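One structure is given below, encoded as structure tokens.
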Amino acid sequence: MATTLPPVATTQSPFNPSISHPTQIIISENLKQAALDHIAYLKEFYDHPEYLKKQSREYAVYRYETFWLPFLAETMESDVIPPLDILFVWHSHMLAPTAYASDCERLFGRILSNRVRPRTPQLLQFSEQLWMKKYNRTMPYELDYSSNIQVIPPYTSKIKYALSQAVERQADFYYNVALGHYKDSEFLDEAVKRYKKFIYLKRLNPQLYVVPMYDIDIIWHTHQLFPEAYRRDMIANLQHVLHHDDTVQDRTSNSKLSTSDHETRHKWFELYGDRLPKNGCMYRGKTSKDFYQFVTDFNFLLECQRYTMYVQFLDNKSAATGVTRKDNDNRVSTIVSLHDHSVVGEPLPDQIFAQINSSEQELFARGSSGYIEAHFEADYTDLTAQLSLKIQQKAGYWPMNYFSTLEEFEIPADKLLPITQFNQPVKANNNAGGEEESGGLYFLFNKPIDQYSVLRQMVPTAKRLTIGISAMDVNTVIVRYDASQYEEATLDTNYLTQLGTSFLFNLENVTVRQALHSILPVHQDQPTLLNIRHTILNEIDIFTATFNSAIFASCHSLNWSQLPLPNQVSPNHDNSIITFEPEKEEALIIKDHSGDWGIVKFSKDLFTASLDDNVTDKNNQFSLYRFMPDGQVEEEIVYVDWEDDKWLIGSNNFGIEMNTWSISVKRIAIKNSMQYICLGAALISRFDTLFTQIFGRNDDETHLTTATNGNYNDNDLLANDIGKINLNGSTGINNTRNTLSNKTPQMAMNHV
């Protein structure tokens, strides 16, 4: 909901007595709608990183100056739009309004106009037709920059503004306005109002180098993309064109940008009585897009998986089920590995055994499923080979006893392909339950037993012989999170390769607490599949999923600066708009090679609420918002469940068992396994810490507290509050410190 404009000083401007309030600031274009179209083409450019290569930028600048500007000047057609590569050069030129006006007037005698509008297929086709009419085959309208870029012919640029560097600078802007609330109607209404207040502030302080927040900045940028209207409006408002200088990048203490930022905030508060910084409108850093690496072969995860194979004799009415143990008249029977060739005890007479390939023989016994069965353990590579089952019986006498084969069966290769060449979840073939049920088995082999068969003689009630693997095990990859010691570390010049995310500040020589945790196979301690580097930087937790110095995913805490409050956006918004109440919620953002992958947020009383007598299902769940490749945002519900003595957390795609710190990912989602594992590690650390703080501390121990009020925090590294943060401060807020054991995963996230 838009806030009511507070009363402001009524001092009349020395420039124009008729403008004495921000609401009287003149804007002659519909900047709200134009901002939506503006953000749309920023995203389109963001999705084409090939345009940002140096050679691509320079060729686009050549096309812009040599072809587009003369075409635009000659056409005088207000409805033509350039191809995307040229558009972004033009965009960057117009965002230096005085330089653009100077270049246009020198080259063409006037400012070439533009209107921000949707890039519809019809408008693109119309523009291309006019372009081709002028240039024929000399220069195509669209170019594929993913292939080889043509060499720029010799030419002397007459444009004085450094366009190639400007394109590179402006490419970083979109990430800071990419979240859904920047497209919300009420948010944009308020942004336009704040932009008018911003211009009015400049009007009253003509010597002030004004520095906006990003909600104001997106409107300011949009206004400049109407160059003629912007010039008229600014002269009416300020009696001069307000220049936009994006070459000022230095944010160190006492720099122009740093001191101007503080002065702008001070003047704003003095004039309007509220703060210029606003929830969801602050600097977000640089995107991880094309900075992180990505995995193409996930066999390293599959090869450490273990599967239990169940060989069962069934009657026609029975439903085969998978179990984890079996009992045979109080005699112990083990699960035999296909690779285990240890000496076993002497088999008892008149019993039958199973053998798969060259494994040790496994005794058939009455299992807890209620049926005669034998168990084998196999790994992923076992399932890539031809498998055969032998049903055997002891023969001979000690010490010359041996096993004779009663029948032998080949396991069809096509039954193994759905496991080794996984395309979709396998389904349980029995009636014990679906693939999500622990007893649901995917049959590798299912053969009726002939009534005259020797097997029928050995097991008279048996009608079928089956070999099954738990469908849930096949459909799931599971790993283990192993914590290591936390130590103090000093960040060096290459800190970005450790943190995987950037801030406004130079963090070189800053002291942090770090631990390099390991992701291991569930059943063994080697090999290390992945490392999770956890960095505690003041009030921010940063997790990076790394291996051999490459970053595959990261997960770090979010606060008020990144997401809006619910009352800042339309009440009936969709999932694309993620709001955040810092007093009640905590949030994490997950990033990968494509940029933002998802945001997870949960209530701070997630666990205490579950103790309430009136608890509902919503008290035991939270949301993961996934940013999809098509631009949509999908909500993935994550459930918290207490199952007997197990504490389980998970969604349809991943799961965490808090008792064992194991993380599972559905194979159908294995392409996102790095992201889910990184998120799982962060949630294990957070919930382990939170649970201990709630239920496992004495009153005299130090408690970490929440200080962010949802509106503003002067001590905030995630917001661009330059110079106000003590980068070498305590690991907790209010000078508190985490008192957990060094080996326990630690979190500072409850501060933000």
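Bear in mind that the values in this text are calculations on the coordinates, not laboratory data. Quick caveat: nothing in here was measured; it's all calculated off a predicted structure. Cβ atoms come from the backbone with ideal geometry, glycine included; neighbour counts cover every protein chain shown.
The label point for residue 207 and the one for residue 604, both projected 7 Å from the Cα toward the Cβ, are 4.4 nm apart. Between residue 584 and residue 40, the modelled labels are 3.4 nm apart [label points 7 Å from Cα along Cα→Cβ]. Expressed per residue, the C-alpha convex hull volume of segment 147-215 stands at 159 Å³.
Considering segment 467-563, its Cα convex hull presents a mean projected area of 8.7 nm².
Relative protection proxy for 352-362, 297-307, from highest mean packing down: 352-362, 297-307 (other beta-carbon atoms within 10 angstrom). The stretch between residue 417 and residue 18 holds 135.8 nm of extra length on full extension. This uses 0.36 nm per residue minus the Cα-Cα distance. Over 20 Å between C-alpha atoms is what I'm after, so list which of 32/160; 390/463; 197/278 land there. Those over the limit are 32/160.
If you plug the beta carbon distance of residue 575 and residue 395 into 1/(1 + (r/R0)^6) with R0 = 60 Å, you get a FRET efficiency near 0.35.
Using the average count of surrounding beta-carbon atoms within 10 Å as a protection proxy, the listed peptides 87-93, 656-662 rank, highest first, as 87-93, 656-662. Near residue 449: Cβ cut-off under 9 Å, other residues only, Lys/Arg at +1 and Asp/Glu at -1. The net charge is +3.
As a calculated quantity, the FRET efficiency between residue 494 and residue 456 at R0 = 51 Å, using C-beta atoms, amounts to about 0.15. What lysines does residue 415 reach when the alpha-carbon gap must be under 16 Å and sequence neighbours fewer than 8 apart in one chain are set aside? Hits, sequence-local ones excluded: 427, 447.
Here each label is just a point 7 Å from Cα along the line to Cβ, and for residue 366 and residue 637 those points are 4.2 nm apart.
Take the Cβ atoms of residue 528 and residue 26, set R0 to 45 Å, and the FRET efficiency comes out at 0.10. Protection proxy ranking of 673-682, 555-564, by the mean of other Cβ atoms within 10 Å over each peptide's residues and highest first, is 673-682, 555-564. For the pair residue 692 and residue 79 in one chain, pulling the backbone fully straight at 0.36 nm per residue adds 214.4 nm over the alpha carbon distance.
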